[in-house]
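Inspection log for the structure reproduced underneath, given as structure tokens.
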Amino acid sequence: MKKLLALLLCLALCAGLFAAAMPAFAEEAERETFSSGSFEYALLDDGTAEITKYRGTAKVLILPDTLDSHAVTSIGDESFYFCSSPTSVAIPDSVTSIGVNPFAACDKLTAIKVSPDHPTLATIDGVLFNKTDKCLVCYPCAYTASSYSIPQGIKSIGDWAFSSCDSLTSVAIPDSVTSIGDYAFYFCDSLTSVTIPDSVTSIGDSAFYGCRSLTSVTIPDSVISIGDWAFSGCKSLTSVSIPDSVTFIGDEAFSDCRSLTSVTIPDSVISIGDEAFSGCKSLTSVSIPDSVTSIGDSAFFNCGSLTSVAIPDSVTSIGDLAFSYCDSLTSITIPDSVTSIGDWAFDGCGSLTLTVGRDSYAKEYCIENGLSYTYAGANDWLNS
């Protein structure tokens, strides 16, 4: 029965991972929309129009500056998402606001055009930028160049900016950039290298999700947060250097990085997120520093090559399924500081013997869950 429950929970976790990986733009309150030709739009508070959907088939798409006599001033999130017809898009000067990369996953789009007199937007070689906040908004995903250098002076890489850009193998990020947005390089299948400069302080959720050709990445000391799913599904990633500046490793940050062999977690990290390294099947060793206080649910779930783990005295909680199905694990020492261990934390670890304190919470947990345990120095009698 216990094995069945563990399997069901495992399936639920996998389903959650799949759902989390799917495109998830911020939800907005329901607004009334109107149709005008191939466009849908909503009215803003000032009476101007925001394009919310395009249903046409034009290859060379020129966006209108009015819809039903309403000036078009905004392009909404997701409004052109997965449009497979346009090869180029021209944005009128009337547009002063643009949402999270509205042209993400337009698989034939090679160029975006705006007037050089546009008040807020600019394009350089077909790549769209917001002049106001110096953000790279959209790199057309059908652009065939294999490498790209972001212009010096750009401060941020927007959410979804390079998503599904299959031709890109390398991207050079200048030291003017301070943030890499959510899903910024989502499923850039051919991306093998990226240089993150010391100016970057945050790597967004799913920033490099599914970049399965990415073999190595160096995260600079300036970065203080690694988002949820940031490198999840980077199946070729063999090594990663996490700097001392990082305090939190997000949920599923490196999950399913199947080629990752070792990880050193720096002294600055206080929490290892849920499923942070789950499915890292080649991971043989991990060093957990004494700054860490909690190990999340399924943090090392199904790390089948992991043979030993040292848990420091700072850790107080170990989550559900934290080391479940790490079937090569033979020993873990649980310090007396641990006062909470989740359900099935060591399920499927058939060769594991836990080393626990004689009067510890961990000992009681082992007894209640039928786990093998021993004490430090249990065989000292041999030398007495």
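The values are calculated or read from the model by the stated rules, or taken from the named source; none is laboratory data. Since the structure is predicted, the reported quantities are computational estimates derived from the model, not experimental observations. Glycine also receives a Cβ, built like all others from the backbone with ideal geometry; neighbour counts cover every protein chain displayed. Surface accessibility is based on the protein's heavy atoms, side chains included, excluding ligands, DNA and RNA. Shrake-Rupley method; radii C 1.70, N 1.55, O 1.52, S 1.80 Å.
Out of every Cα-Cα pair that region 56-195 contains, those further apart than 20 angstrom amount to 42 percent. For region 94-100, the Karplus equation 6.51 cos²θ - 1.76 cosθ + 1.60, evaluated at θ = phi - 60°, returns couplings of 5, 6, 10, 9, 9, x, 4 Hz by residue, with Gly and Pro reported as x. What area, in nm² and to one decimal, does the C-alpha convex hull of region 153-259 cast on average over all directions? Result: 5.3 nm². Excluding same-chain neighbours fewer than eight residues apart, the lysines reachable from K155 by a Cα-Cα span under 19 Å are K131, K134.
The helix-based estimate of mean residue ellipticity at 222 nm for the chain, built from -39,500 (n - 2.57) per DSSP H run of four or more residues and divided by its residue count, is -2500 deg cm²/dmol to the nearest 500. Amide H to amide H, with H built 1.01 Å from N, S239 comes under 5 Å of V217, counting only residues 5 or more places away or on other chains. Taking Cα centre as origin and charging only the Cβ of basic (Lys, Arg, +1) and acidic (Asp, Glu, -1) residues, the dipole magnitude of the chain rounds to 1220 debye.
Fully extending the segment from L43 to I224 would add 61.2 nm, taking 0.36 nm per residue of separation and subtracting the current Cα-Cα distance. Close amide H partners of I341, meaning residues 5 or more places away or on another chain with modelled amide H under 5 Å apart, are I318. Rounded to the nearest Hz, the phi-derived 3J(HN,Hα) couplings of region 297-311 under the Karplus curve 6.51 cos²θ - 1.76 cosθ + 1.60 (θ = phi - 60°) are 4, 6, 4, 10, 4, 6, 8, x, 9, 6, 9, 7, 9, 9, 9, where x marks glycine and proline. Placing +1 on the Cβ of every Lys and Arg and -1 on the Cβ of every Asp and Glu, with no other charges, gives region 155-230 a dipole of roughly 120 debye about its Cα centre.
Projected label points at T144 and D244, each 7 Å from Cα along the beta carbon direction, are separated by 4.9 nanometres. Modelled spin labels at S35 and A310, positioned 7 Å past Cα toward Cβ, are 6.7 nm from each other.
Each Lys or Arg adds one and each Asp or Glu subtracts one; over the other residues with Cβ under 14 Å from the Cβ of I265, this totals -3.
Between the helical axis of 2-21 and the longest alpha-carbon principal axis of the chain there is an angle of about 30 degrees.
Taking a ≥ b ≥ c as the square roots of the eigenvalues of the Cα gyration tensor, region 328-384 is classed as oblate, since a/c reaches at least 1.5 and a/b does not exceed b/c. Semi-axis lengths, largest first, of the ellipsoid equivalent to region 225-371 are 24, 17, 12 Å, with √(5λ) applied to each eigenvalue of the Cα gyration tensor. Along region 166-172 the Karplus relation, 6.51 cos²θ - 1.76 cosθ + 1.60 evaluated at θ = phi - 60°, assigns HN-Hα couplings of 5, 7, 5, 10, 8, 9, 9 Hz to successive residues, with x for each Gly and Pro. Longest span of the chain, sites excluded, free of GluC sites (Glu not before Pro) in DSSP loop with at most 13 other C-beta atoms within 10 Å? Maximal segment without exposed cleavage sites: 33-384.
Translational diffusion coefficient of the chain (Stokes-Einstein, Kirkwood radius from Cα pairs, 25 °C, 0.890 mPa s): 107 µm²/s. Solvent-free Debye calculation, one equal scatterer per alpha-carbon of region 210-259: log10 I(q)/I(0) at 0.14, 0.28 Å⁻¹ equals -0.31, -1.08.
Remark: relative contact order (the chain) = 6 percent; criterion is Cα-Cα distance under 8 angstrom and separation of 6 or more residues. Surface exposure of the chain, expressed per residue as accessible area with a 1.4 Å probe, stands at 43 Å².
For K53, nonlocal amide neighbours, meaning residues 5 or more places apart or on other chains whose placed amide H falls under 5 Å from its own, are E40.
Here the accessible area is traced with a 1.4 Å probe on the protein chains. For the chain, carbon and sulfur cover 51 percent of it. Give me the net charge for the shell around T120: Cβ to Cβ below 13 angstrom, other residues only, Lys and Arg +1, Asp and Glu -1. Net of charged neighbours comes to -1. May I ask for the net charge around S236, where only other residues with Cβ less than 11 Å from the Cβ of S236 are counted and Lys, Arg are +1 while Asp, Glu are -1? It works out to a net charge of +2. Here region 265-306 has an Rg and Dmax of 10.1, 27 Å, counting Cα atoms alone.
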